[in-house]
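Encoded as structure tokens, the structure appears first; notes follow it.
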Amino acid sequence: MNKTTLILATILCINFANATEYPDSVSEPITLSLNEITVSGIKHSNSVTDKAAIITTVGREQVERNGIMTARQISDFAPNFFIPDYGSRMTSTIYVRGLGARIDHPTMGLNIDNIPVMCKENYDFDLIDISRAETLRGPQSTLYGRNTMGGLMNIYTISPLNYSGFRALAEYGSHGHIKAGVGYYFKPIDNLGIGISGQYTGNNGEFTNQYNGKKCDWERGFSGRVKTEWIPKNNVLVSNSLIVGYSRQGGYPYKFTQTGEIAYNDTCFYRRTSIMDGLTVSHDFGPVKFSSITSYQYLNDNMTLDQDFTPLPYFTLTQARKEHSVTQDLVIKSNDKNSSKYQWLAGMFGFYRRYKMSAPVTFKDTGIGELIERHRNQAIPEYPISWDERNFLLGSDFTSPTWGIAAYHESQLTLGKFILTAGMRIDYERSTLNYASETHTGYNTWKRETGELYFHSDIDIDDSGKLKKDFIQILPKFSVVYQPRPDATWNLFATISKGYKAGGFNTQMFSDVLQQRLMRKMGIGANYQVDDIVGYKPEIAWNYEMGAHISLFKGKLLADVNAFYIDCRDRQLTVFPDGTTTGRVMTNAGKTRSTGVELSAIILPESNTRITASYGYCNAKFVEYNDGKADHKGNFIPYSPSHTLWCEASHRFNISKSWLSSITVAANMRGVGEIWWNESNSLRQPFYALLGANVTLTGERHSLQLWGRNLTGTEYSTFYFVSISHEFLQRGKGRAIGATLRINI
């Protein structure tokens with residue numbers, strides 16, 4: 001940890017904690033799952049204290065104070081929840097309690113206004129009107145199914161039925177950072193609300209590509225949203241949310257560890273266009289509530305990069321994809337307003353998802369010479385070869401339709417001081433991959449002694465086929481809550497639940513399969529079997545957890561504490577194949593286990609002072625994993641941090657002037673680490689801490705905030721990877737300062 005960061009944060013927290021007066025009320029939603037919180041999620045009861053759940057909730061005031069617009073920023077508040085900032089918005093890698101992988105399926109689900117975001121590559125986008133965000137940690141698979149084994153994040157935006165008016169935002173900061181947004185919320189009639197918002201995001205980049213002297217991590221993005229809420233009659237709510245986004249980035253400031261420089265010669269960029277539309281219809285029939293959630297999602301993106309990330313012309317990759325998906329969720333549950341000791345919920349969920357992707361790898365002069373010709377000539381030196389051309393294509397095209405259906409149920413029974421919950425989900429999924437790979441090139445073989453041409457070989461490879469996988473999972477959940485009396489300020493809970501991540505196909509390995517088949521025609525190269533190297537199984541985890549929700553001193557101290565143990569089988573792990581291959585592969589890495597504790601607290605010493613803190617410790621290790629080169633049993637799982645820390649202190653000074661009603665001063669600290677970068681645990685990122693602060697001047701209809709992030713300029717790395725035996729790191733973002741103006745009319 002940076003000592004300066006720790007000292008400054010400690011002083012600030014101590015100063016804020018020295019207040020002596022206490023509040024009668026709280027000025028914003030509480031960030032823990034305690035008595036003050038109500039959950040508006042369709043699949044949860046109104047009171048989360050009767051659930052064996054750990055939920056971190058971030059309210060609107062905290063959202064605006066910390067400039068939160070993305071899921072990655074929300075992750076800072078929850079212990080043992082980490083989304084590293086690297087690469088482009090496509091990456092969206094999530095690690096929760098030692099679970100997570102860099103490619104393909106996510107560990108945590110994401111819902112926007114109850115719409116499930118189906119594609120992980122679309123997790124990272126901006127919303128300017130977040131009203132509340134909830135993070136549920138631990139498997140949520142019983143109610144939400146695939147890819148929620150680490151938890152679920154729910155983001156809710158401003159309701160046009162509850163808020164009317166005009167909102168505007170303008171922000172400027174270091175490195176040419178610009179954000180601008182507007183929103184208008186109105187009710188044409190009393191029972192109909194419409195919210196329309198749009199925004200622009202841009203920055204000039206922080207890191208320079210030494211090869212061309214240009215910033216490589218610049219970004220430009222636009223998004224728009226229309227949210228409609230309608231109450232056609234009593235007890236019926238119809239809500240529709242449409243989100244359209246476009247993003248273009250330079251991206252990929254990867255530093256070659258041998259030179260310490262970011263320097264590559266070929267173009268890198270990421271471009272994404274996305275559309276999400278979700279329709280929710282809820283009807284309260286009295287004894288029961290019925291809800292229908294229907295969504296359509298479209299994604300069109302293109303990742304083009306210099307895959308060797310060096311100044312030499314090795315090879316480039318383009319991954320262009322178009323994806324369509326539809327979902328339907330039907331939920332019926334008993335009415336929470338009833339005083340019955342028995343509550344229940346049941347539902348059915350189905351989805352269809354289809355993408356078409358083109359992923360060509362272009363080999364260039366140095367790549368041909370170093371990765372193909374040199375290896376072939378070392379193997380058979382008497383007859384060296386030379387390629388016909390210094391540039392050729394390994395083409396790969398895919399079409400993948402996937403569909404699934406599930407049925408689920410959860411029952412809750414109150415027996416005196418105990419609340420018992422049991423749930424079950426049956427989940428079926430079929431995934432299909434249609435592939436076509438080809439290359440057309442050639443080479444000459446020479447006699448080394450005479451220098452004469454021996455023969456010419458044409459290489460024409462056309463591979464195509466179809467792969468199918470069927471997955472079925474039974475996902476149970478059991479929990480018990482002990483509450484000594486109805487008005488008790490604390491309770492204890494314990495849960496056992498099963499979660500899973502879907503299996504799938506390694507599309508990024510097809511270029512390597514094609515490369516090895518090409519080299520086998522020359523008498524060298526590995527014998528890759530498509531079925532073995534491309535497919536991988538689901539990841540399954542059992543989560544055992546116990547903890548407590550606590551409220552003391554009339555709600556002035558709120559805390560959650562819990563401990564967990566996770567037994568994970570067929571762990572999905574992203575690895576890099578041996579030698580000079582170009583891709584990544586998802587493999588099932590035996591068994592892993594995670595143990596840890598999580599602490600969250602809020603201190604409210606007076607009405608204008610608020611201190612929040614969360615800490616997570618996770619010890620995640622391999623129980624069984626031998627990659628054929630070494631036995632990694634007992635080693636830490638790479639990329640997942642052992643510690644996460646968040647603390648924030650804020651105090652509001654009431655001014656009561658006509659043009660200035662208050663001044664709020666806040667400081668925060670975010671800490672992460674240590675992070676091991678490889679399975680052998682030979683490389684790591686030590687624990688680091690980032691200090692932030694802001695001052696907000698608030699008037700009747702406006703606010704101006706001055707903010708700073710990573711104020712001590714702490715240096716740290718966010719990502720490590722290997723390409724053709726070269727090691728690369730991405731450095732974390734440095735110091736940044738800026739100002740944000742908000743107007744509400």
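The values are calculated or read from the model by the stated rules, or taken from the named source; none is laboratory data. Please read these numbers as outputs of a predicted model, since none were measured by experiment. Virtual Cβ from ideal backbone geometry, glycine too; neighbours counted across all protein chains shown.
What the table below lists for this structure:
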quantity	calculated
Among residues of the stretch 356-407, those that are surrounded by 19 or more Cβ atoms within 10 Å (Cβ to Cβ), among the aliphatic types (A, V, I, L, M), in a strand (DSSP E or B) and touching a Gly at 6+ places or on another chain (Cβ under 9 Å), counted	2
Strands (runs of 3 or more DSSP E) lying entirely in the stretch 594-676 (those with 2 or more residues that are basic (Lys, Arg) and at negative phi)	609-624
When residues of the stretch 222-257 are limited to those that are crowded, with 21+ Cβ neighbours inside 10 Å and small (Gly, Ala, Ser), the one modelled with the lowest pLDDT	GLY251
The listed residue being under 15 Å from SER400 (Cβ atoms), touching a Ser or Thr at 6+ places or on another chain (Cβ under 6 Å) and of a type outside the set (D, E, K, R), out of LEU330, LEU299, LEU312	LEU299
Pair list, Cβ < 8 Å and 6+ apart or interchain, from the stretch 617-641 residues that are under 14 Å from THR574 (Cα atoms) to residues that are hydroxyl-bearing (Ser, Thr, Tyr) and in a loop (DSSP other than H, G, I, E, B)	TYR639/THR93
Only listed residue being modelled with pLDDT under 90, surrounded by fewer than 17 Cβ atoms within 10 Å (Cβ to Cβ) and out of contact with any Gly (no Cβ under 8 Å at 6 or more places or on another chain), chosen from ASP470, ASP463	ASP463
Residue under evaluation PRO116, criteria (1) without any contact (Cβ under 8 Å) to a residue 40 or more places away in the chain; (2) closer than 26 Å to ASP470 by Cβ, criterion not met	(1)
Meets criteria (without any contact (Cβ under 8 Å) to a residue 12 or more places away in the chain and surrounded by 15 or more Cβ atoms within 10 Å (Cβ to Cβ)) for ARG670	no
Residue list for the stretch 393-415, restricted to those being under 30 Å from HIS456 (Cα atoms) and touching a Lys or Arg at 6+ places or on another chain (Cβ under 9 Å)	ASP397
Single residue of the stretch 408-419 satisfying the filter (surrounded by fewer than 15 Cβ atoms within 10 Å (Cβ to Cβ) and touching a residue at least 12 places away in the same chain (Cβ under 8 Å)) that is nearest to ARG353 (Cα to Cα)	LEU413
Identity of the residue in the stretch 610-644, of a type in the set (Phe, Trp, Tyr) and crowded, with 19+ Cβ neighbours inside 10 Å, that ends up farthest from SER600 (Cα to Cα)	TYR625
Whichever residue in the stretch 91-133 is more than 28 Å from THR280 (Cβ to Cβ) and modelled with pLDDT under 90 and, among such residues, is surrounded by the fewest Cβ atoms within 10 Å (Cβ to Cβ)	ILE103
Selection status of GLU700, surrounded by fewer than 20 Cβ atoms within 10 Å (Cβ to Cβ) and over 22 Å from GLU64 (Cα atoms)	no
The lone exception for SER340 - which of (1) over 20 Å from PHE269 (Cβ atoms); (2) touching a residue at least 12 places away in the same chain (Cβ under 8 Å) it fails	(2)
Answer residue from the stretch 306-355, given it is of a type in the set (Gly, Ala, Ser) and within 18 Å of ASN434 (Cα to Cα) and is surrounded by the most Cβ atoms within 10 Å (Cβ to Cβ) among those	SER325
Any hit, the stretch 704-713, residues being assigned to a strand (DSSP E or B), in contact (Cβ under 8 Å) with a residue 40 or more places away in the chain and in contact with a Leu (Cβ under 9 Å, 6 or more places away or on another chain)	yes
Residue among ASP336, ASP308, ASP329 that alone is closer than 30 Å to SER411 by Cβ, out of contact with any Cys (no Cβ under 6 Å at 6 or more places or on another chain) and in a loop (DSSP other than H, G, I, E, B)	ASP336
Condition check for GLU700: under 22 Å from PHE636 (Cβ atoms), touching a residue at least 24 places away in the same chain (Cβ under 8 Å) and among the charged types (D, E, K, R)	no
Number of the exception - LEU415 against (1) under 28 Å from LEU518 (Cβ atoms); (2) out of contact with any helix residue (DSSP H, G or I) (no Cβ under 7 Å at 6 or more places or on another chain)	(1)
Criterion: of a type in the set (A, V, I, L, M), more than 26 Å from GLU229 (Cα to Cα) and either crowded, with 24+ Cβ neighbours inside 10 Å or in contact (Cβ under 8 Å) with a residue 24 or more places away in the chain (or both) - qualifying residue of ILE68, ILE54	ILE54
Residue list for the stretch 197-221, restricted to those being crowded, with 16+ Cβ neighbours inside 10 Å, in a strand (DSSP E or B) and not charged (D, E, K, R)	SER197, GLY198, GLN199, THR201, ASN203, THR208, ASN209, GLY221
